[in-house]
Amino acid sequence: PPEDLRLAATDAALYQTFTNKTGAFADSLRKMADADPSGFSRVLLPFIRTPSNIMKFTFERTPLAPLMSQVRADMAAGGARKDLALARMATGSAMMLAAADLTMAGAITGKGPDNPSRRSAKQRQGWQPYSVKLGDRYFAFNRMDPIGMTLGLAADAVEILQNSDGSKPKAAEEAIIAAVASIANNMTSKTYLRGVSQFFEMMSNPTRFSESYVQRLLGTAIPTAAAEVARGVDPYLRETRSIMDSLRRRTPGISKELPAVRDLWGQPTEFRSGLGWAYDAVSPIYSRREKASPIDKEILRLGMNITKPPRVISIDGITVDLDKHKGAYSRYVELAGNELKHPAWGIGAKDYLDALVGTGQHPLAEVYKMRSDGPDGSKADMVRATVLDYRAHARRQLLDEYPSISAEISAQRMDRLHGER
(Lines give C-alpha, C1' and ligand atoms only; values in the text may rest on other atoms or scores of the structure.)
Protein backbone atom coordinates (compact mmCIF):
# COMPACT_ATOMS: atom_id res chain seq x y z
CA PRO A 1 0.00 0.00 0.00
CA PRO A 2 1.03 3.63 -0.36
CA GLU A 3 3.25 5.00 2.40
CA ASP A 4 0.63 7.45 3.69
CA LEU A 5 -1.98 4.65 3.93
CA ARG A 6 0.47 2.35 5.73
CA LEU A 7 1.32 5.06 8.27
CA ALA A 8 -2.36 5.88 8.79
CA ALA A 9 -3.11 2.19 9.41
CA THR A 10 -0.27 2.00 11.95
CA ASP A 11 -1.55 5.09 13.76
CA ALA A 12 -5.07 3.64 13.82
CA ALA A 13 -3.80 0.35 15.26
CA LEU A 14 -1.88 2.15 18.02
CA TYR A 15 -4.91 4.32 18.82
CA GLN A 16 -7.32 1.37 19.02
CA THR A 17 -4.96 -0.58 21.32
CA PHE A 18 -4.21 2.46 23.56
CA THR A 19 -0.48 2.28 22.85
CA ASN A 20 -0.16 5.52 20.88
CA LYS A 21 1.95 8.47 22.00
CA THR A 22 0.84 10.06 25.25
CA GLY A 23 0.36 13.72 26.04
CA ALA A 24 2.74 16.06 27.85
CA PHE A 25 1.39 15.26 31.34
CA ALA A 26 1.68 11.48 30.94
CA ASP A 27 5.15 11.91 29.43
CA SER A 28 6.27 13.88 32.47
CA LEU A 29 4.92 11.16 34.79
CA ARG A 30 6.77 8.47 32.86
CA LYS A 31 10.04 10.44 32.96
CA MET A 32 9.62 10.99 36.69
CA ALA A 33 9.04 7.27 37.26
CA ASP A 34 12.05 6.33 35.13
CA ALA A 35 14.27 8.79 37.02
CA ASP A 36 13.24 7.50 40.48
CA PRO A 37 16.14 5.31 41.69
CA SER A 38 14.07 3.77 44.50
CA GLY A 39 11.46 2.36 42.12
CA PHE A 40 8.63 3.52 44.42
CA SER A 41 7.10 5.61 41.62
CA ARG A 42 6.58 2.42 39.64
CA VAL A 43 4.84 0.87 42.63
CA LEU A 44 2.38 3.76 42.69
CA LEU A 45 2.04 3.93 38.90
CA PRO A 46 3.00 0.59 37.37
CA PHE A 47 1.27 1.54 34.10
CA ILE A 48 1.19 5.00 32.55
CA ARG A 49 0.84 4.84 28.75
CA THR A 50 -2.21 2.57 28.48
CA PRO A 51 -4.30 4.14 31.31
CA SER A 52 -3.52 7.62 29.98
CA ASN A 53 -4.66 6.69 26.49
CA ILE A 54 -7.80 4.97 27.83
CA MET A 55 -8.76 8.17 29.64
CA LYS A 56 -8.05 10.24 26.55
CA PHE A 57 -10.08 7.83 24.40
CA THR A 58 -13.01 8.09 26.85
CA PHE A 59 -13.05 11.87 27.23
CA GLU A 60 -12.97 12.34 23.45
CA ARG A 61 -16.40 10.69 23.54
CA THR A 62 -18.03 12.92 26.16
CA PRO A 63 -19.60 16.40 26.12
CA LEU A 64 -16.37 17.60 27.78
CA ALA A 65 -14.31 16.73 24.69
CA PRO A 66 -13.89 20.40 23.51
CA LEU A 67 -11.79 21.02 26.65
CA MET A 68 -9.05 18.81 25.16
CA SER A 69 -6.44 20.55 23.02
CA GLN A 70 -6.30 17.67 20.52
CA VAL A 71 -10.06 17.82 19.95
CA ARG A 72 -9.95 21.59 19.46
CA ALA A 73 -7.13 21.14 16.95
CA ASP A 74 -9.16 18.51 15.05
CA MET A 75 -12.19 20.82 14.97
CA ALA A 76 -10.07 23.69 13.66
CA ALA A 77 -8.50 21.49 10.96
CA GLY A 78 -11.88 20.81 9.39
CA GLY A 79 -12.56 18.07 6.89
CA ALA A 80 -12.36 14.42 7.97
CA ARG A 81 -10.61 15.25 11.25
CA LYS A 82 -13.47 17.51 12.31
CA ASP A 83 -16.08 14.97 11.21
CA LEU A 84 -14.41 12.20 13.22
CA ALA A 85 -14.10 14.40 16.31
CA LEU A 86 -17.80 15.33 16.12
CA ALA A 87 -18.78 11.70 15.51
CA ARG A 88 -16.83 10.50 18.56
CA MET A 89 -18.36 13.20 20.75
CA ALA A 90 -21.91 12.55 19.51
CA THR A 91 -21.68 8.75 19.78
CA GLY A 92 -20.16 8.78 23.27
CA SER A 93 -22.60 11.41 24.54
CA ALA A 94 -25.55 9.38 23.22
CA MET A 95 -24.17 6.33 25.02
CA MET A 96 -23.87 8.33 28.25
CA LEU A 97 -27.46 9.56 27.94
CA ALA A 98 -28.64 5.97 27.51
CA ALA A 99 -26.57 4.92 30.55
CA ALA A 100 -28.02 7.80 32.58
CA ASP A 101 -31.55 6.64 31.75
CA LEU A 102 -30.69 3.07 32.78
CA THR A 103 -29.15 4.36 36.03
CA MET A 104 -32.39 6.16 36.91
CA ALA A 105 -34.24 2.89 36.17
CA GLY A 106 -31.92 0.96 38.51
CA ALA A 107 -30.36 -1.16 35.76
CA ILE A 108 -26.89 0.44 36.11
CA THR A 109 -25.12 1.39 39.34
CA GLY A 110 -22.44 3.95 40.11
CA LYS A 111 -20.21 4.28 43.14
CA GLY A 112 -23.17 4.22 45.52
CA PRO A 113 -23.66 5.97 48.88
CA ASP A 114 -20.66 7.60 50.59
CA ASN A 115 -22.16 6.74 53.97
CA PRO A 116 -20.42 3.47 55.00
CA SER A 117 -23.45 2.13 56.88
CA ARG A 118 -25.89 2.61 54.00
CA ARG A 119 -23.36 1.34 51.48
CA SER A 120 -22.88 -1.82 53.54
CA ALA A 121 -26.66 -2.28 53.82
CA LYS A 122 -26.93 -2.23 50.03
CA GLN A 123 -24.00 -4.63 49.60
CA ARG A 124 -25.52 -7.10 52.05
CA GLN A 125 -28.48 -7.29 49.66
CA GLY A 126 -26.18 -8.22 46.76
CA TRP A 127 -25.80 -4.70 45.35
CA GLN A 128 -22.50 -4.07 43.57
CA PRO A 129 -20.93 -0.74 42.49
CA TYR A 130 -20.27 0.06 38.82
CA SER A 131 -22.40 -2.82 37.58
CA VAL A 132 -25.17 -3.71 35.17
CA LYS A 133 -28.14 -5.48 36.70
CA LEU A 134 -29.49 -8.36 34.63
CA GLY A 135 -32.41 -10.11 36.29
CA ASP A 136 -31.42 -10.73 39.91
CA ARG A 137 -27.66 -10.56 39.30
CA TYR A 138 -25.14 -7.70 39.09
CA PHE A 139 -22.23 -7.80 36.63
CA ALA A 140 -19.38 -5.31 37.14
CA PHE A 141 -18.26 -3.18 34.18
CA ASN A 142 -15.53 -1.03 35.77
CA ARG A 143 -12.76 -3.31 34.42
CA MET A 144 -14.10 -3.12 30.86
CA ASP A 145 -12.57 0.19 29.84
CA PRO A 146 -13.11 2.37 27.92
CA ILE A 147 -16.81 1.37 27.78
CA GLY A 148 -16.83 0.81 31.54
CA MET A 149 -15.50 4.30 32.20
CA THR A 150 -18.18 5.85 29.97
CA LEU A 151 -20.95 3.99 31.80
CA GLY A 152 -19.41 4.86 35.18
CA LEU A 153 -19.20 8.58 34.41
CA ALA A 154 -22.87 8.70 33.51
CA ALA A 155 -23.97 6.58 36.48
CA ASP A 156 -22.00 8.62 39.01
CA ALA A 157 -23.25 11.93 37.63
CA VAL A 158 -26.87 10.74 37.90
CA GLU A 159 -26.42 9.43 41.46
CA ILE A 160 -24.79 12.68 42.60
CA LEU A 161 -27.55 14.81 41.05
CA GLN A 162 -30.23 12.56 42.58
CA ASN A 163 -28.78 13.28 46.02
CA SER A 164 -28.66 17.07 45.48
CA ASP A 165 -31.27 19.42 46.93
CA GLY A 166 -32.75 20.12 43.49
CA SER A 167 -33.00 23.89 43.86
CA LYS A 168 -32.99 25.70 40.52
CA PRO A 169 -30.41 28.42 41.38
CA LYS A 170 -27.88 25.73 42.14
CA ALA A 171 -28.67 23.50 39.16
CA ALA A 172 -25.72 24.59 37.01
CA GLU A 173 -23.31 24.48 39.93
CA GLU A 174 -24.49 21.01 40.94
CA ALA A 175 -24.14 19.76 37.36
CA ILE A 176 -20.49 20.90 37.28
CA ILE A 177 -19.82 19.34 40.67
CA ALA A 178 -21.46 16.11 39.53
CA ALA A 179 -19.26 16.01 36.41
CA VAL A 180 -16.05 16.59 38.39
CA ALA A 181 -17.00 14.15 41.15
CA SER A 182 -17.98 11.42 38.69
CA ILE A 183 -14.59 11.72 36.98
CA ALA A 184 -12.81 11.52 40.35
CA ASN A 185 -14.87 8.52 41.47
CA ASN A 186 -14.15 6.63 38.27
CA MET A 187 -10.44 7.39 38.32
CA THR A 188 -9.97 6.16 41.88
CA SER A 189 -12.01 2.99 41.25
CA LYS A 190 -9.63 1.69 38.57
CA THR A 191 -7.23 -1.08 39.50
CA TYR A 192 -4.38 0.56 37.56
CA LEU A 193 -4.75 3.75 39.64
CA ARG A 194 -5.38 2.06 42.98
CA GLY A 195 -1.78 2.53 44.09
CA VAL A 196 -2.01 6.31 43.65
CA SER A 197 -5.46 6.65 45.26
CA GLN A 198 -4.45 4.55 48.28
CA PHE A 199 -1.21 6.53 48.67
CA PHE A 200 -2.99 9.90 48.76
CA GLU A 201 -5.65 8.47 51.08
CA MET A 202 -2.85 7.48 53.44
CA MET A 203 -1.19 10.90 53.14
CA SER A 204 -4.49 12.67 53.92
CA ASN A 205 -4.74 10.87 57.28
CA PRO A 206 -1.51 9.01 58.14
CA THR A 207 -2.64 8.13 61.68
CA ARG A 208 -5.67 6.27 60.40
CA PHE A 209 -4.51 4.76 57.12
CA SER A 210 -0.70 4.33 57.25
CA GLU A 211 -0.72 0.90 58.94
CA SER A 212 -3.25 -0.63 56.52
CA TYR A 213 -1.45 0.98 53.56
CA VAL A 214 1.89 -0.57 54.52
CA GLN A 215 0.19 -3.95 55.05
CA ARG A 216 -1.35 -3.87 51.57
CA LEU A 217 1.88 -2.67 50.00
CA LEU A 218 4.06 -5.37 51.52
CA GLY A 219 1.36 -7.98 50.95
CA THR A 220 1.95 -7.61 47.20
CA ALA A 221 5.24 -9.49 47.75
CA ILE A 222 3.06 -12.56 47.17
CA PRO A 223 2.40 -12.75 43.38
CA THR A 224 -1.12 -12.12 42.12
CA ALA A 225 -1.26 -15.61 40.57
CA ALA A 226 -0.66 -17.15 44.01
CA ALA A 227 -3.26 -14.85 45.55
CA GLU A 228 -5.83 -15.97 42.94
CA VAL A 229 -5.13 -19.61 43.81
CA ALA A 230 -5.57 -18.75 47.49
CA ARG A 231 -8.95 -17.19 46.69
CA GLY A 232 -9.98 -20.30 44.78
CA VAL A 233 -9.08 -22.57 47.69
CA ASP A 234 -10.39 -20.21 50.36
CA PRO A 235 -13.09 -17.92 48.90
CA TYR A 236 -13.55 -15.79 52.03
CA LEU A 237 -12.03 -12.41 52.81
CA ARG A 238 -9.72 -12.69 55.81
CA GLU A 239 -8.80 -10.17 58.51
CA THR A 240 -5.31 -8.69 58.43
CA ARG A 241 -4.00 -7.02 61.56
CA SER A 242 -0.30 -7.17 60.68
CA ILE A 243 2.11 -7.42 57.75
CA MET A 244 2.44 -11.18 58.25
CA ASP A 245 -1.36 -11.48 58.09
CA SER A 246 -1.32 -9.70 54.72
CA LEU A 247 1.17 -12.25 53.42
CA ARG A 248 -0.81 -15.17 54.85
CA ARG A 249 -4.03 -13.95 53.24
CA ARG A 250 -2.45 -14.15 49.78
CA THR A 251 -0.75 -17.52 50.36
CA PRO A 252 -2.60 -20.71 49.28
CA GLY A 253 -3.14 -23.20 52.08
CA ILE A 254 -2.60 -20.93 55.07
CA SER A 255 -5.08 -18.11 54.46
CA LYS A 256 -7.72 -20.15 56.32
CA GLU A 257 -5.77 -19.65 59.53
CA LEU A 258 -6.96 -16.02 59.62
CA PRO A 259 -10.41 -15.05 60.97
CA ALA A 260 -13.05 -14.25 58.35
CA VAL A 261 -14.16 -10.67 57.73
CA ARG A 262 -17.86 -10.62 58.62
CA ASP A 263 -20.66 -8.19 57.84
CA LEU A 264 -23.08 -6.60 60.30
CA TRP A 265 -25.09 -9.83 60.56
CA GLY A 266 -22.05 -12.05 61.06
CA GLN A 267 -21.94 -13.50 57.54
CA PRO A 268 -18.42 -14.02 56.11
CA THR A 269 -17.49 -11.85 53.13
CA GLU A 270 -16.85 -14.14 50.18
CA PHE A 271 -15.48 -13.78 46.67
CA ARG A 272 -17.61 -16.49 45.06
CA SER A 273 -20.14 -15.28 42.51
CA GLY A 274 -22.19 -18.46 42.40
CA LEU A 275 -21.30 -18.96 38.72
CA GLY A 276 -18.59 -21.52 39.39
CA TRP A 277 -14.90 -21.55 40.31
CA ALA A 278 -13.77 -21.32 36.66
CA TYR A 279 -15.76 -18.10 36.14
CA ASP A 280 -14.40 -16.54 39.34
CA ALA A 281 -10.81 -17.49 38.50
CA VAL A 282 -10.79 -16.26 34.90
CA SER A 283 -13.44 -13.58 34.42
CA PRO A 284 -12.58 -9.92 35.19
CA ILE A 285 -16.32 -9.26 35.52
CA TYR A 286 -17.27 -9.61 39.18
CA SER A 287 -20.81 -10.80 39.75
CA ARG A 288 -23.18 -11.07 42.71
CA ARG A 289 -26.75 -12.26 43.09
CA GLU A 290 -29.37 -10.02 44.64
CA LYS A 291 -30.51 -11.23 48.06
CA ALA A 292 -33.71 -10.30 49.86
CA SER A 293 -33.08 -8.78 53.30
CA PRO A 294 -36.05 -7.06 54.96
CA ILE A 295 -34.01 -5.49 57.76
CA ASP A 296 -31.33 -4.09 55.42
CA LYS A 297 -34.05 -2.67 53.19
CA GLU A 298 -35.63 -1.09 56.27
CA ILE A 299 -32.32 0.39 57.42
CA LEU A 300 -31.99 2.14 54.06
CA ARG A 301 -35.61 3.30 54.10
CA LEU A 302 -35.27 4.80 57.57
CA GLY A 303 -31.88 6.38 56.76
CA MET A 304 -30.27 4.69 59.76
CA ASN A 305 -26.55 4.40 60.48
CA ILE A 306 -25.78 1.01 62.01
CA THR A 307 -22.19 -0.18 61.90
CA LYS A 308 -20.40 -3.29 63.10
CA PRO A 309 -19.53 -3.42 66.81
CA PRO A 310 -16.25 -1.83 67.95
CA ARG A 311 -13.13 -3.92 68.49
CA VAL A 312 -12.63 -2.51 71.97
CA ILE A 313 -15.54 -3.51 74.21
CA SER A 314 -16.55 -3.01 77.83
CA ILE A 315 -17.65 -5.87 80.07
CA ASP A 316 -18.76 -4.92 83.60
CA GLY A 317 -16.82 -1.69 83.28
CA ILE A 318 -13.63 -3.46 82.19
CA THR A 319 -12.23 -2.46 78.79
CA VAL A 320 -11.04 -5.32 76.56
CA ASP A 321 -9.29 -5.07 73.18
CA LEU A 322 -10.56 -8.07 71.20
CA ASP A 323 -7.67 -7.81 68.72
CA LYS A 324 -5.42 -9.16 71.46
CA HIS A 325 -7.37 -12.43 71.45
CA LYS A 326 -7.07 -14.30 68.15
CA GLY A 327 -10.39 -14.67 66.35
CA ALA A 328 -12.36 -13.07 69.20
CA TYR A 329 -13.62 -10.08 67.21
CA SER A 330 -14.77 -12.19 64.26
CA ARG A 331 -16.58 -14.51 66.67
CA TYR A 332 -18.15 -11.52 68.47
CA VAL A 333 -19.55 -10.16 65.19
CA GLU A 334 -20.80 -13.64 64.26
CA LEU A 335 -22.58 -14.13 67.60
CA ALA A 336 -24.11 -10.65 67.69
CA GLY A 337 -25.15 -10.82 64.03
CA ASN A 338 -27.24 -13.99 63.93
CA GLU A 339 -25.41 -16.93 65.49
CA LEU A 340 -26.44 -16.32 69.10
CA LYS A 341 -29.99 -17.42 69.91
CA HIS A 342 -31.70 -14.98 72.22
CA PRO A 343 -32.99 -16.62 75.44
CA ALA A 344 -36.40 -14.93 75.04
CA TRP A 345 -36.97 -15.53 71.31
CA GLY A 346 -34.76 -18.48 70.41
CA ILE A 347 -33.55 -16.88 67.14
CA GLY A 348 -30.62 -14.71 66.02
CA ALA A 349 -30.60 -10.93 65.61
CA LYS A 350 -31.07 -10.83 61.83
CA ASP A 351 -33.82 -13.46 61.87
CA TYR A 352 -35.56 -11.57 64.66
CA LEU A 353 -35.39 -8.22 62.85
CA ASP A 354 -36.41 -9.74 59.49
CA ALA A 355 -39.52 -11.13 61.16
CA LEU A 356 -40.16 -7.84 62.96
CA VAL A 357 -39.91 -5.45 59.97
CA GLY A 358 -40.58 -7.73 57.01
CA THR A 359 -42.72 -10.85 57.34
CA GLY A 360 -44.82 -9.51 60.22
CA GLN A 361 -44.71 -12.95 61.89
CA HIS A 362 -43.14 -11.67 65.11
CA PRO A 363 -45.45 -10.95 68.09
CA LEU A 364 -44.12 -7.36 68.23
CA ALA A 365 -44.59 -6.70 64.49
CA GLU A 366 -47.85 -4.80 65.00
CA VAL A 367 -46.24 -2.67 67.71
CA TYR A 368 -43.39 -1.87 65.31
CA LYS A 369 -45.77 -0.82 62.51
CA MET A 370 -47.43 1.74 64.76
CA ARG A 371 -44.17 3.53 65.52
CA SER A 372 -42.77 6.58 63.70
CA ASP A 373 -40.39 6.52 60.72
CA GLY A 374 -37.10 8.34 60.14
CA PRO A 375 -33.53 7.89 61.38
CA ASP A 376 -34.49 9.30 64.80
CA GLY A 377 -37.99 7.79 64.94
CA SER A 378 -39.18 5.13 67.38
CA LYS A 379 -38.86 2.41 64.71
CA ALA A 380 -35.14 3.18 64.43
CA ASP A 381 -34.88 3.19 68.23
CA MET A 382 -36.45 -0.25 68.39
CA VAL A 383 -34.02 -1.65 65.82
CA ARG A 384 -31.02 -0.13 67.62
CA ALA A 385 -32.19 -1.45 70.98
CA THR A 386 -32.46 -4.95 69.52
CA VAL A 387 -28.96 -4.80 68.05
CA LEU A 388 -27.48 -3.58 71.34
CA ASP A 389 -29.34 -6.25 73.31
CA TYR A 390 -27.92 -9.05 71.15
CA ARG A 391 -24.43 -7.56 71.43
CA ALA A 392 -24.69 -7.58 75.23
CA HIS A 393 -25.57 -11.29 75.17
CA ALA A 394 -22.75 -11.93 72.69
CA ARG A 395 -20.20 -10.34 75.03
CA ARG A 396 -21.33 -12.67 77.80
CA GLN A 397 -20.90 -15.71 75.59
CA LEU A 398 -17.40 -14.55 74.62
CA LEU A 399 -16.39 -14.95 78.25
CA ASP A 400 -17.37 -18.62 78.09
CA GLU A 401 -15.66 -19.27 74.76
CA TYR A 402 -12.44 -17.30 75.39
CA PRO A 403 -10.89 -18.02 78.80
CA SER A 404 -8.14 -15.53 77.94
CA ILE A 405 -10.71 -12.71 77.96
CA SER A 406 -12.03 -13.82 81.36
CA ALA A 407 -8.46 -13.97 82.66
CA GLU A 408 -7.73 -10.44 81.39
CA ILE A 409 -10.86 -9.07 83.06
CA SER A 410 -9.95 -10.80 86.35
CA ALA A 411 -6.42 -9.38 86.17
CA GLN A 412 -7.73 -5.85 85.57
CA ARG A 413 -10.10 -6.19 88.51
CA MET A 414 -7.25 -7.28 90.77
CA ASP A 415 -5.15 -4.33 89.60
CA ARG A 416 -8.00 -1.98 90.44
CA LEU A 417 -8.38 -3.48 93.91
CA HIS A 418 -4.65 -3.13 94.59
CA GLY A 419 -4.74 0.43 93.28
CA GLU A 420 -7.62 1.36 95.60
CA ARG A 421 -5.77 -0.05 98.58
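The values are calculated or read from the model by the stated rules, or taken from the named source; none is laboratory data. Fair warning: this is a prediction, and the values are worked out from it, not measured in the lab. A quick note on method: Cβ atoms are made from the backbone with ideal geometry, for glycine too, and the neighbour counts reach across all protein chains shown. The area values use the complete protein model at the heavy-atom level, side chains included, leaving out ligands, DNA and RNA. Shrake-Rupley method; radii C 1.70, N 1.55, O 1.52, S 1.80 Å.
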Next item on the list: Test each condition in (1) free of Cβ contacts under 8 Å to residues at least 60 places away in the same chain; (2) within 17 Å of Leu84 (Cβ to Cβ); (3) of a type in the set (Val, Ile, Thr) for Thr62 and report the one that comes out false.
Entry: (1)
Check: What number of residues within segment 336-355 satisfy the criterion of being modelled with pLDDT under 90 and either small (Gly, Ala, Ser) or open to solvent by less than 20 Å² (accessible area, probe 1.4 Å) (or both)?
Finding: 1
Check: Is there a residue being in a helix (DSSP H, G or I), modelled with pLDDT of 70 or more, within 30 Å of Ile147 (Cβ to Cβ) and open to solvent by less than 70 Å² (accessible area, probe 1.4 Å) anywhere in segment 199-207?
Finding: yes
Check: Quick check: is even one residue across segment 380-400 charged (D, E, K, R), free of Cβ contacts under 8 Å to residues at least 12 places away in the same chain and open to solvent by less than 90 Å² (accessible area, probe 1.4 Å)?
Finding: yes
Checklist line | Subset of segment 289-326 [crowded, with 18+ Cβ neighbours inside 10 Å, assigned to a strand (DSSP E or B) and either out of contact with any Phe, Trp or Tyr (no Cβ under 8 Å at 6 or more places or on another chain) or without any contact (Cβ under 8 Å) to a residue 40 or more places away in the chain (or both)] | finding: Val320
Check: In segment 9-38, how many residues are small (Gly, Ala, Ser) and open to solvent by less than 30 Å² (accessible area, probe 1.4 Å)?
Finding: 2
Next item on the list: Determine, yes or no, whether Gly358 is small (Gly, Ala, Ser) and exposed (fewer than 15 other Cβ atoms within 10 Å of the Cβ).
Entry: no
Margin query: Need the failing condition index for Val333 against (1) touching a strand residue (DSSP E or B) at 6+ places or on another chain (Cβ under 7 Å); (2) under 26 Å from Glu298 (Cβ atoms); (3) open to solvent by 50 Å² or more (accessible area, probe 1.4 Å), just the number.
Written below: (3)
Note to self: Quick check on my filter: what residues within segment 257-272 are surrounded by fewer than 20 Cβ atoms within 10 Å (Cβ to Cβ) and without any contact (Cβ under 8 Å) to a residue 24 or more places away in the chain?
What the structure shows: Glu257
Next item on the list: Determine, yes or no, whether Met144 is in a loop (DSSP other than H, G, I, E, B) and either buried (at least 18 other Cβ atoms within 10 Å of the Cβ) or not acidic (Asp, Glu) (or both).
Entry: yes
